[in-house]
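Take a look at the structure set out below.
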Amino acid sequence: LCRVSLCINLKFPPLFKFGAATSSYQIEGGWDADGKGENVWDRLVHSKPELFNGNATGDVAANSFHKWREDVKIAAELGLQFYRFSISWARILPTGFPNKINKAGAKYYSDLIDALLDEGIAPFITLYHWDLPVKIQDLGGWTNPLIVNWFGDYARVVYSLYADRIKTWLTINEAIIICDYGYNSGVFAPNVKEQIFAPNLCNKHALLAHAKAYRIYDTEFRPKFNGRISIANNLIWIEPRTPKDEELAKLGREYMAGRFAHAIFSKNGGWPPSIEKVMFKNSLAQGFTHSRLPAFTEEEKEFIKGTADFLAMNYYTTYTIRPGKKGEITEFLFLKSLPDLDAVLEPPPNSYYGVSRVMPIYPQGIRRQMVWLKKHYGDVDIVITENGYSSSGQLDDYNRIDYYEKHLEQVHLAMEVDKINITGYAVWSLIDNFEWLDGYSTKFGIYDVDFKDPDRRRTPRASAHFYACLIKTRALNNTCLNKDLLADSL
Ligand code: PNW
């Protein structure tokens with residue numbers, strides 16, 4: 001078999017920017033430092049340590065709250081064109097509300113932004129990567145419709161602080177994980193297990209909150225600063241298990257991608273009609289008088305429609321779908337089944353794994369997902385805001401290099417053959433970090449972080465050398481995959 005690297009030289013065009021991503025709770029630590037308020041992850045790791053591998057917490061994590069200068073240094077030595085990080089809501093607004101702005105928190109991100117700009121790296125901000133202030137959770141969190149305004153208030157504060165220096169924004173990271181892991185199976189914070197209403201309310205409010213933050217940027221900040229803003233969706237590509245399952249796969253794609261994208265990117269807005277229909281049918285069969293999927297008013301549909309200047313996708317995995325057998329479907333838990341669709345998910349044949357058991361690896365999925373997006377939502381600019389491989393931590397991480405090579409080959413095909421406008425790509429992740437339930441045992445970093453070292457020393461893995469070489473040459477070819485040459489690229 002011809003490995004791509006040995007046969008061809010895949011060039012990436014100048015408009016295609018290379019970056020890396022992290023998130024606040026996963027790297028910062030300083031959980032109560034300098035006036036930061038408590039968020040739902042702080043509360044969950046402290047109240048139910050048994051949920052986390054090795055009783056891990058993000059209390060210190062990679063200590064980026066104190067070691068951000070080193071993060072900027074490695075971003076610079078990699079030659080990153082952009083660095084995607086998230087803002088901790090409770091670090092800026094300790095109560096969750098704008099009655100009190102924490103100056104030390106505001107300064108932390110301001111310094112980070114300035115240091116990145118000094119190195120010529122574009123700072124790329126995610127407003128919300130899952131760390132909700134506890135006060136807002138105690139008022140219902142994402143199930144309370146008032147969160148739409150509260151999120152808007154928070155967004156306005158962040159724009160006021162940084163919009164002069166930030167050209168690219170994301171509102172919410174992966175609403176599907178917030179709603180389905182946080183409120184449905186409840187394995188993630190806030191640990192709410194309510195499968196009937198909560199995930200659907202969360203879904204609706206996340207879309208409205210995103211739109212609110214978009215509209216505020218659009219009217220109050222864009223005229224002056226002219227940035228771009230979107231939402232990052234976690235797109236899990238769905239394949240039919242057998243040719244008979246093609247119709248179910250179409251529904252599955254609307255469920256995984258459409259629930260969080262149709263309202264924003266489609267011509268008509270609102271929920272995907274196929275999902276609306278199935279949710280209504282299920283709800284009546286379950287004895288309810290209305291759909292458990294809360295309707296949008298016409299006004300809300302208009303409010304959400306078109307609120308994205310590009311399409312941001314995180315891609316890790318692909319699943320196959322088939323109808324469930326009797327008794328087989330229990331709950332939405334780690335992507336084993338989709339009770340709303342009476343469907344079972346399984347890893348695709350020919351997929352393989354890193355360390356994470358919930359992410360079968362299937363590189364073709366990233367391209368097929370983008371082809372689907374273009375077909376359904378038109379010729380929108382796509383930024384791949386996360387893509388990454390989980391390992392147990394060795395520095396010679398050739399499996400991770402292989403993963404990036406295979407996925408970037410698919411990205412290149414999508415640009416060349418399918419004519420998809422892809423303008424950026426971020427690896428997840430710049431450095432090892434708190435991998436949610438897996439704690440520190442699952443590593444996504446292209447830099448190793450020594451979590452036993454009080455200094456949290458960062459060391460480049462082979463994949464960091466690969467990525468630096470790729471960014472420098474802007475081509476996927478033999479040079480950057482040669483083990484001897486790699487040693488010199490940083
Ligand atoms: C993303 N899946 O979450 C998050 O944005 C990151 O915070 C996280 O560290 C990273 O992926 C790696 O897990 C995902 O089941 C969670 O397909 C679940 C899935 C994908 C991404």
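To keep it simple, each residue is scored yes or no on (1) open to solvent by 10 Å² or more (accessible area, probe 1.4 Å); (2) within 15 Å of the ligand (Cβ to nearest atom).
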position: G141; (1), (2): no, no
position: P145; (1), (2): yes, no
position: W150; (1), (2): yes, no
position: D164; (1), (2): yes, no
position: K167; (1), (2): yes, no
position: D180; (1), (2): no, yes
position: S185; (1), (2): no, yes
- Item | Selected residue [surrounded by 23 or more Cβ atoms within 10 Å (Cβ to Cβ) and of a type in the set (S, T, Y)] from S463, S441 | S463
- Message: Restricting to segment 377-389, name every residue that is in contact with a strand residue (DSSP E or B) (Cβ under 7 Å, 6 or more places away or on another chain) and buried (at least 21 other Cβ atoms within 10 Å of the Cβ).
- Response: I382, V383, I384, T385, E386, N387, G388
- Item | helices (runs of 4 or more DSSP H) contained entirely in segment 21-104, each with at least 2 residues that are open to solvent by less than 10 Å² (accessible area, probe 1.4 Å) and more than 16 Å from the ligand (Cβ to nearest atom) | 64-78, 89-92
- Give segment 124-139 a look and list any residue that's farther than 19 Å from N433 by Cα and without any contact (Cβ under 8 Å) to a residue 60 or more places away in the chain, or say none. I136, D138, L139
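Here is a yes/no grid of residues against (1) surrounded by fewer than 21 Cβ atoms within 10 Å (Cβ to Cβ); (2) not in a loop (DSSP other than H, G, I, E, B):
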position: N191; (1), (2): yes, no
position: C202; (1), (2): no, yes
position: H205; (1), (2): no, yes
position: A213; (1), (2): no, yes
position: I216; (1), (2): yes, yes
- Message: Conditions first: (1) modelled with pLDDT under 95; (2) open to solvent by less than 10 Å² (accessible area, probe 1.4 Å). F18 passes all but one, so which condition is the exception?
- Response: (1)
- Task: Write out, first by first residue and then by second, each pair whose Cβ atoms fall under 6 Å of each other, whose residues are 6+ apart or on separate chains, and whose first residue, in segment 263-291, is touching a residue at least 40 places away in the same chain (Cβ under 8 Å) while the second is of a type in the set (A, V, I, L, M) and in a loop (DSSP other than H, G, I, E, B).
- Result: I264/A308; M279/L293
- Item | Residues (more than 16 Å from the ligand (Cβ to nearest atom) and open to solvent by less than 40 Å² (accessible area, probe 1.4 Å)) located in segment 312-328 | R322, G324
- Note down all Cβ pairs under 9 Å where the first residue falls in segment 72-84 and is under 15 Å from N387 (Cβ atoms), the second is β-branched (V, I, T) and assigned to a strand (DSSP E or B), and they're at least six residues apart or on different chains. F82/T168; R84/I125; R84/T126; R84/T168; R84/T385
- Note on the structure: Here, strands (runs of 3 or more DSSP E) confined to segment 375-490 with at least 3 residues that are closer than 25 Å to A308 by Cβ are 382-386, 422-428
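The values are calculated or read from the model by the stated rules, or taken from the named source; none is laboratory data. This structure is a prediction, so every number in the text was calculated from the model and none was measured. For neighbour counting, all protein chains shown are included, and Cβ atoms are generated from backbone atoms with ideal geometry for every residue, glycine included. Accessible surface is based on the protein model in full, side chains and every heavy atom, while ligands, DNA and RNA are left aside. Shrake-Rupley method; radii C 1.70, N 1.55, O 1.52, S 1.80 Å.
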